[in-house]
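Laboratory data are not the source of any read-out in this text; all were calculated from the coordinates shown. From a predicted model like this one, the values you see are computed outputs, not experimental measurements. We place every Cβ from the backbone using ideal geometry, glycine too, and count neighbours over all the protein chains shown.
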């Protein structure tokens, strides 16, 4: 009898241990982001940045983690030639508010404003998303239609599959991570918006998949590619024109999504330094376009497919 009770107790303790809510703010979480915004005309602003946590901040009796945002933004011409200068690259590194966790909820506080609910991950199938930071009254028709899971850190996190009038192709909410459009950014994604490129704990990437090669440290490699190549329209609907500003011969164009799935797209030269790429077979989403020459030397840039 004692053996049976001990075994049952052990099972209960094991279950309770596994069912404990993970610490969403432990192990140095980092959200690697990219965003695209149009300011009118043919100049589009591109941002590459990431959120990370800093030291504690105590307000009253509540302990928060300081949230920082670091990266750069630059604007590029996406219209037809002649190409115009859209401005210089700007780097930034600053405090972006406070964040804390309480059970399965995350809260955000910006400056002297009262804190707001950022996420509630205590959801079930059929639940409607609650009002949260920046989305008051916006989620009235967005609801959970399914629940999956993925390994993050040393345990599994829930992945909520969403549906509703406003939901487009970004339709997931990841426990302790946020939407596929980012930690604090608007959801769902629009024609021009933000995208969670990857999520990491202690510099190990877990989203979009474990070990996915995603650069956590912001660098200027994509700026170099963007300055050397002009493409339009971006976002693209069916076909995109790429204006090559250097003497080279492109023989392959490879397009990859954020999960690393790649496909080679057909293209044709319309002049010595201009090619047209066919995107009609691609689904809506953000892609990395890689141009290759016969020596396998390549240039990369991002494209949004409507």
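As a footprinting exposure proxy, order 66, 302, 283 by other Cβ within 10 Å, with the fewest listed first.
Least crowded to most crowded, the residues run 283, 66, 302.
Listing 36, 63 from the residue with the fewest other Cβ atoms within 10 Å to the one with the most, what is the order?
In order of increasing Cβ crowding within 10 Å: 63, 36.
Please compute the length gained on full extension between residue 161 and residue 59, using 0.36 nm multiplied by the number of residues separating them and subtracting their Cα-Cα distance.
Separation in residues times 0.36 nm, less the Cα-Cα distance, equals 33.2 nm.
For residue 256 and residue 306 in one chain, what is 0.36 nm times their gap in residues minus the Cα-Cα distance, to one decimal in nm?
Taking 0.36 nm per residue and subtracting the Cα distance, the gain is 16.5 nm.
May I ask you to compute the full-extension gain from residue 263 to residue 154, defined as 0.36 nm times their residue separation minus their alpha-carbon distance, rounded to one decimal in nm?
Stretched fully, the residue 263-residue 154 segment lengthens by 35.9 nm.
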